[in-house]
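Structure first, then comments.
Throughout, read-outs are computed from the coordinates displayed, never taken from laboratory work. Treat the numbers as computed from the prediction; the structure is a model and nothing was measured. Counting neighbours? That spans all protein chains shown, and the Cβs are built from the backbone with ideal geometry, glycine included.
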Amino acid sequence: MSATFLLDGQPVSFEPGQTILEAARAAGRYIPHLCWHPDFPPHGSCKLCIVKVAGRHVSSCAMPAKEGWEVESDTPEMNGERRALLQMLFVEGNHFCPSCEKSGNCQLQALAYDLEMMTPRFNHFFPDRPVDASHPDVLLDFNRCIYCELCVRASRDKDGKGIFALTNRGIHKHLVVNAESGRLADTDFSADDMAANICPVGVILHKRVGFAVPIGQRTYDEAPIHLVAMRPEAAGDD
Ligand code: FES
């Protein structure tokens, strides 16, 4: 018999080594997340997957499950913490959802709706981040970066190219292209790369297809992220 823990009072089975998030997903239970992806080790940067165990807050994507634990996730307290984290992400970058090509397919926006974020709460930073439209097939809009490093990890570990990196720290942290010019056109980046198709927000955009699916008919327009993320076909890209 496999071990179990309680997630919001309901038993969840797990195998040794599985994290709380992995075990919950395997049991059909959704825990919000942004930087976690099933093809990569936990990154632990966004903290949206925060849960409470024995009075402590932990990142469920990185914390191995333990027999008998009582884990709180979908509670007013935890969702309030997640809303504050989302609000910080929204003010750190320039997120203008109504004019963003990714609207309706963006996980940051979808989580904000799901967690009922009503206001930005904090003062906007309005960072100055020019776009890079140099590549023939892909536009980079750095304004929407949430520092999940999924493009960094995909390009380095799956595509074998190392096109992207984060540079600087704190409020000066930002995504850069590994080319002397800093331009995507001066790399061997391809629209078929995993890195070109993994951004959970609207930084890496394929050109000429932005509105092929009209706003209102997109993934998270049709269903909330807590349902979409648990579909079998979403296992590799939610
Ligand atoms: Fe766990 Fe981002 S999903 S820290």
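Multiplying the residue separation of ALA3 and ASP188 by 0.36 nm and removing their Cα-Cα distance gives an extension gain of 61.9 nm.
Within the listed set ASP114, ASP128, ASP74, the Gaussian network model of the chain (springs between alpha-carbon atoms below 10 Å) gives the highest mean-square fluctuation for ASP128.
Computed over the chain, the percent of Cα pairs more than 23 Å apart is 51.
Tell me, how many Å apart are the Cα centres for the stretch 62-106 and for the stretch 123-192? Result: 22 Å between the Cα centres. For the options GLU101, GLU70, GLU180, a Gaussian network treatment of the chain with springs between C-alpha atoms closer than 10 Å singles out GLU180 as fluctuating the most. Listing ARG83, ARG231 from fewest to most neighbouring C-beta atoms within 10 Å gives ARG231, ARG83.
Modelled spin-label separation between GLU222 and HIS172, with each label point placed 7 Å from Cα along the Cα-to-Cβ direction: 4.5 nm. In a simple Cβ point-charge model (Lys, Arg +1; Asp, Glu -1; nothing else charged), the stretch 1-107 has a dipole of about 140 debye relative to its Cα centre.
Taken along its principal axes, the alpha carbon cloud of the stretch 141-196 reaches lengths of 31, 23, 17 Å, longest axis first. Residue order for HIS174, HIS33, fewest other beta carbons within 10 angstrom first, comes to HIS174, HIS33.
Using the scaling law 2.2 N^0.38 Å as the reference, what is the normalised Cα Rg of the stretch 152-238? Normalised by 2.2 N^0.38 Å, the Cα Rg of the stretch 152-238 equals 1.28. In the chain, the calculated helix contribution to ellipticity at 222 nm averages -4500 deg cm²/dmol per residue, counting -39,500 (n - 2.57) for every DSSP H run with n ≥ 4.
The label-point distance for GLU116 and ILE215, in a model that sets each label 7 Å from Cα toward Cβ, rounds to 2.5 nm. For the stretch 162-235, the list of chymotrypsin sites (Phe, Trp or Tyr not before Pro) that fall in a loop by DSSP and count at most 10 other C-beta atoms within 10 angstrom reads PHE211. Panel order for VAL138, VAL203, VAL91, by other beta carbons found within 10 Å of each beta carbon, from fewest to most: VAL91, VAL138, VAL203. By the rule of a C-alpha distance below 19 Å, with chain neighbours fewer than 8 residues away ignored, the lysines paired with LYS52 are LYS66. Taking each residue as 0.36 nm, the span from LYS207 to GLN10 lengthens on full extension beyond its C-alpha to C-alpha distance by 66.4 nm.
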